[in-house]
1. I need the phi-derived Karplus couplings for the stretch 77-89: 6.51 cos²θ - 1.76 cosθ + 1.60, θ = phi - 60°, integer Hz, Gly and Pro marked x.
2. With the cut-off at 32 Å, tell me which of the pairs Lys107/Lys165; Lys107/Lys154; Lys107/Lys168 have Cα atoms farther apart than that.
3. Using all C-alpha to C-alpha distances in the chain, build P(r) with 10 Å bins and read off the rounded percent in each one.
4. From the residues Leu209, Ala195, Pro226, which one has its Cα farthest along the dipole of the stretch 186-229 in the positive direction, the dipole being from +1 and -1 charges on Cβ of Lys/Arg and Asp/Glu about the Cα centre?
5. Can you give me the span-like helices of the chain, meaning DSSP H runs with 15 Å or more of Cα extent along the axis and Kyte-Doolittle mean at or above 1.0?
6. Could you give the size of the charge dipole of the stretch 184-229 about its Cα centre, using +1 on the Cβ of each K and R and -1 on the Cβ of each D and E, expressed in debye and rounded to the nearest 20?
7. Tell me whether the stretch 82-159 comes out rounded, prolate or oblate; compute the Cα gyration tensor, take square roots of the eigenvalues as a ≥ b ≥ c, and use a/c under 1.5 as the rounded threshold.
8. With +1 assigned to the C-beta of every Lys and Arg and -1 to the C-beta of every Asp and Glu, and no other charges, what is the dipole magnitude of the chain about the Cα centre in debye, to the nearest 20?
Amino acid sequence: MRRFVAALCILALLCPAVRAQTPQYIALTFDDGPSGRYTERLLDGLAAREVHATFFLCGYRVEQYPALAARIAREGHEIGSHSDRHEFFTHMSAEAVCADLSAAAEKITAATGVTPTLLRPPGGLYDLDVLARSVCADAPVILWSIDPEDWRDKQAAAVTSFVTKRAKNGDIILLHDMHASSVEAALGIIDALEARGFVFVTVSELALLAGTQLCGGKAYCRIDFPKYE
Ligand code: NI
């Protein structure tokens, strides 16, 4: 048995091409924007790399930068709602949450032509009972599995290394297109992980690839792929 396992290990070592053929899928997500020049720089970098990400937009920001919101949609990125005012839902009544999400959906749809189907509550704080009574009852709650806290020290290299050390198939990475360092980190993450065989996809694509149906009122931190991989 031991010899058989050793032989398998040697075979695996001898066949790097075979190992490299199994892609690992991962999603980059950006919260709180659009932010003006940083989002613009990020979009340029994503376009140059032909990578699609998922943007959780705030209604009040979309109102400030409608052309940028439209560009995000036009360039094939996925758009989700990150509320209208970025107030924590856990401090609000169900009625107030409902009103906030309606306002966000209206502003995002008006600017982009896309009605968001995914929801990321501000701060990741939510109450499923409250959401179930809101207009977003059908929206899956998308959280994250890797959070480098890019807003804290704003050191691009540290953010990139935090993420690349932890990245696994099916992960959802949280970043904010609100700082120059986050944009630099995001592009560094793409370059480093693509070199290791990762493929960047949107959250909905990640679910589709894993055969996971995203359900309204359910929360997802990552998308698990079948074990046979
Ligand atoms: Ni946020």
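1. Per-residue couplings from phi come out as 7, 8, 10, x, 9, 10, 6, 8, 9, 6, 9, 6, 4 Hz.
2. Pairs exceeding 32 Å: Lys107/Lys165; Lys107/Lys168.
3. Taking every Cα pair in the chain, the percentages come to 8, 32, 34, 17, 6, 3, 1.
4. Pro226
5. 2-14, 180-195
6. Details: 4 positive and 6 negative charges, 55 e Å.
Using Cβ point charges on Lys, Arg, Asp and Glu, the stretch 184-229 gives about 260 debye.
7. Values: a/c = 2.14, a/b = 1.56, b/c = 1.37.
Since a/c reaches 1.5 and a/b is larger than b/c, the shape of the stretch 82-159 is classed as prolate.
8. 980
Throughout, read-outs are computed from the coordinates displayed, never taken from laboratory work. All of these numbers come straight from a predicted model, not from anything done at the bench. No Cβ is skipped: glycine too gets one built from the backbone with ideal geometry, and neighbour counts run over all protein chains shown.
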